[in-house]
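Student: What follows is a structure written as C-alpha cells; I'll ask about it next.
Please treat every number below as a calculation from the coordinates, not as lab data. From a predicted model like this one, the values you see are computed outputs, not experimental measurements. Because the Cβ atoms are built from the backbone with ideal geometry, glycine has one as well, and the counts that use them run over all protein chains shown.
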Amino acid sequence: MLAEGVLPKKEGGQRTHGMQKRSSQDKPLVSIITVVFNGAATLGDTIHSILQQTYDNIEYIIVDGGSGDATIDILRQYDHVIDYWISEKDNGIYDAMNKAISLCSGEYVGMLNSDDIFSGKNVVQDIIDKFCATKVDAVFSCLNIVDKYNLKKIRRKYRVARLSPALLRIGVMPPHPTFYCKRSCYEEGGMYKTDYKIAADFEMLARLLIKQKISWSFIDKVMVTMRSGGLSNSGFMTSIKLNLETVRACKENGLYTNLLFLALKLPIRLFELVR
C-alpha cells in the first residue's frame, strides 16, 4: 500500500510498449527532456515544437512531478509520440532533471522546458550537424525571452557566445535550454546537485567546464523561445538566493567570485533587453 498522501506513479509512452530507439551510424540518437509540474497551459506547445523537427532520431522523455491540472491528460493525448513519460512526486526541478537523464539512452542530451519551444523546425538538425562537424562535448546557442501572452513580442535577446571561467565568475552562462552535451558528460561528472534550489544548472556548467574540461562549440542562431517568468526571475529575494548560490557554485568548482563581482553582469543583462 502507498503511504498516506503519496500519489501513485503513472507512466506511458512508446517505451512501455516495447519500442526503444537507438543510434545509427549516420543518425545519432538525441534525448530531449521536458520536466513539468502543472504545465497544462503550455506543455502542448512544447511537445508540438519537438514533433515539428526535421531530424527524425529524437528520444523524447517527459518527467512530471505529479501535476494536479490537465498535464496528465496531455501526456496521454501524445502517448503515441512520446518515448517515455512518468508522473510522480519528486523533490523539485533538479531532482526531476536527474531522473530524466537516468532514463535517457541518446548519445546527446538536452532539455526543453515545459513553457519553452524550439524557434524553428531545423534546430535539432543544426545541433547534430555541429556535433558531427566539431566532435566537441557540448554545443549551445541563442535564446529569445518573449512575453508569456504574446510569443511574437521579444523582451530579451539572450546571447552568450562563450563558456568561460571569466564569464562564470560574474554569473554569466549560456542559456541552459540551448545547452546539449554528450550523455557521457553526466555519466562521468555526476548529476545536478539537488541541494541547490535555483542555480544547479549554473553549478553544472561550471563543473563541466572547470573540472571535466569539456570542449564546446557555439551556434550563433536563436534556437529556443522562452516565455518570460520562471523560477530564477520571480522577485528580489529570489535574485538574492540566485546570487548566493552562484557564489557557492563558483567556490565549489575552484572559481573565486563574490557578490560585487556578480554586479558586473548587470550591463550585459541591460544590453540584452529589447525596448
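Student: To the nearest 500 deg cm²/dmol, what mean residue ellipticity at 222 nm is calculated for the chain from DSSP H runs of n ≥ 4 alone, each contributing -39,500 (n - 2.57), summed and divided by the residues?
Tutor: Numbers: 10 runs with 93 residues, N = 275.
Helices in the chain give a 222 nm mean residue ellipticity of -9500 deg cm²/dmol.
Student: Can you list the lysines whose alpha carbon is less than 29 Å from that of residue 135, not counting same-chain residues fewer than 8 positions off?
Tutor: By straight Cα distance, residue 135 reaches 21, 27, 99, 121, 157, 182, 193, 211, 213, 221.
Student: Mind running the shape call on segment 136-275? Use the C-alpha gyration tensor, a ≥ b ≥ c as the square roots of the eigenvalues: rounded below 1.5 for a/c, prolate if a/b tops b/c, oblate otherwise. Intermediate values should be presented prior to the final figure.
Tutor: Details: a/c = 1.65, a/b = 1.22, b/c = 1.35.
Here segment 136-275 falls in the oblate category.
Student: Just for the chain, what percent of DSSP beta bridges are antiparallel, to the closest 5?
Tutor: Values: 17 of 40 bridges.
If we restrict to bridges inside the chain, about 45 percent are antiparallel.
Student: Continuing with the same structure: Enumerate the calculated ³J(HN,Hα) couplings along segment 116-121 in order (Karplus 6.51 cos²θ - 1.76 cosθ + 1.60, θ = phi - 60°), each rounded to whole Hz, writing x wherever the residue is Gly or Pro.
Tutor: Listing the rounded values in order: 10, 9, 5, 8, x, 8 Hz.
Student: Calculate the length of the line joining the C-alpha centroid of segment 170-243 to that of segment 98-123, in whole Å.
Tutor: Using only Cα atoms, the two centres lie 14 Å from each other.
Student: Can I ask one more? Using only the alpha carbons of the chain, determine the length spanned along each of the three principal axes and report them from longest to shortest in whole angstroms.
Tutor: Principal-axis extents of the chain (Cα, largest first): 52, 49, 39 Å.
Student: Where does each of 271, 118 land when they are ranked from fewest to most other beta-carbon atoms within 10 angstrom? If you can, show how the numbers build up before the last one.
Tutor: Details: 271 10, 118 22.
Lowest count first: 271, 118.
Student: If you rank 34, 225, 178 by fewest surrounding Cβ atoms within 10 Å, what's the result?
Tutor: Details: 34 24, 225 21, 178 29.
Lowest count first: 225, 34, 178.
Student: In terms of modelled amide H atoms, which long-range or inter-chain residues lie less than 5 Å from the amide H of residue 179?
Tutor: For residue 179, the qualifying residues are 111.
Student: Another question about this same structure. Give the peptides 80-88, 249-257 in descending order of average Cβ contacts within 10 Å, highest first. Walk me through the numbers before you get to the answer.
Tutor: On the way: 80-88: 20.1, 249-257: 17.2.
Most protected by this proxy first, the peptides run 80-88, 249-257.
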